[in-house]
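To start, the structure under review is shown below, and the notes come after it.
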Amino acid sequence: MNSPELPATDQSEQFSASATDKVGSLRGEQLSKYKFIDLFAGIGGFHLAFHKAGAECVFASEWDEDARLTYEANFKKISPKLFESNNFVGDITQVKKSTIPNFDILTGGFPCQPFSQAGFKKGFEDTRGTLFFDIAEIIKVKKPKAFFLENVRGLYSHDGGRTFQTIKETLSEDLGYSFHHAIVKASDHGLPQHRPRLFMVGFRNPDTVFEFPKKRGLKFNMSDVMNGKVDREIGYTLRVGGRTSPIDDRRNWDGYRVNGKVRRLTPREGLKMQGFPASYKFPVSDIAAMKQLGNSVAVAAIHDYAKQIIYSLDNPRG
């Protein structure tokens, strides 16, 4: 199935660093009618996006200690109940799924792992032993109204397409949810990096109408990010490995020529490329911060989809 072509739109509703000056001052676009959980939370890109869309985070999980430090430093003020109730947990595999608070929307960017080929075509049981199994189990036990999952583009073709097919069949055939997917670029949602990612959205009511958000133009470019003349509008996709590669090396992603001189991307600039507020804090080293940014989601793209999911829940017939 090909990803849908998303029509262009204007730039009047961009979600970017300039749009939200302080993490603690983010205000939802409506009352917290919907509750969501933030799985494999990283540094909170889903949390920011859904909070901005008016939803409340009632449970989150992240096992990496450095990422947990960053998450707590930025969300303790805007989601105090999450921490007061001890619902920011580490290893999701150790959590009894029935103890998770009730919620409406499951979100998460889970690791891409192969499923058992010996048991292929068994659907839900195929996923046992992977982190996706925990997602499927939570959906099975808690029956949320919707889910929104994000992964690398390569998951679509991973293991000859079997990984994606098993995920789709588990969510749609075994669990009974609708299933919509697309390869989404951050640059189509206002941010100056392509960062193609696989987005998967589904609803418990399979008849719920869901329309993909419209594309939007760049809100700012790499010259704005680097505060100097850069010879490319759209930057490299932020990654985890390969930092400080020679600027002409194909592995380079953090080196730019700014006003004719080679300069490396800083965490502050990486935050802007990912759509985080300017006040976002990193209580970790720059090396750890860049790794966290490389693992993060593009907040503007997630926010556009969050708004569309909430619209569909409010207007299931379109």
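Quick look at the numbers
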read-out	value
So Phe15, is it modelled with pLDDT under 55 and in contact with a helix residue (DSSP H, G or I) (Cβ under 8 Å, 6 or more places away or on another chain)	yes
Residues that are basic (Lys, Arg) and farther than 17 Å from Phe83 by Cβ, drawn from segment 29-72	Lys33, Lys52
Residue within segment 205-217 that is aliphatic (A, V, I, L, M) and buried (at least 21 other Cβ atoms within 10 Å of the Cβ) present	no
Scan of segment 140-174 for residues that are within 20 Å of Asp38 (Cβ to Cβ) and not in a helix (DSSP H, G or I), ordered by number	Lys143, Pro144, Lys145, Ala146, Phe147, Phe148, Leu149, Glu150, Asn151, Val152
Flag for Ile139 being hydrophobic (A, V, I, L, M, F, W, C), out of contact with any Lys or Arg (no Cβ under 8 Å at 6 or more places or on another chain) and in the same structural domain as Thr99 (by TED's automatic domain parsing)	yes
Cβ-Cβ under 6 Å pairs, at least 6 apart or on other chains, segment 269-294 side under 10 Å from Ala67 (Cα atoms), far side surrounded by fewer than 22 Cβ atoms within 10 Å (Cβ to Cβ) and of a type outside the set (A, V, I, L, M, F, W, C)	Phe282/Pro267; Val284/Asp66; Ala288/Asp66; Ala289/Pro267
Residues located in segment 225-253, provided they are in a loop (DSSP other than H, G, I, E, B) and aliphatic (A, V, I, L, M)	Ile234, Leu238, Val240, Ile247
Some residue of segment 243-259 being exposed (fewer than 14 other Cβ atoms within 10 Å of the Cβ), among the acidic types (Asp, Glu) and farther than 15 Å from Arg195 by Cβ	yes
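The values are calculated or read from the model by the stated rules, or taken from the named source; none is laboratory data. Everything numeric here is computed off the predicted structure, so don't read it as measured data. So basically every Cβ, Gly included, is an ideal-geometry build from the backbone, and we count neighbours across all protein chains shown.
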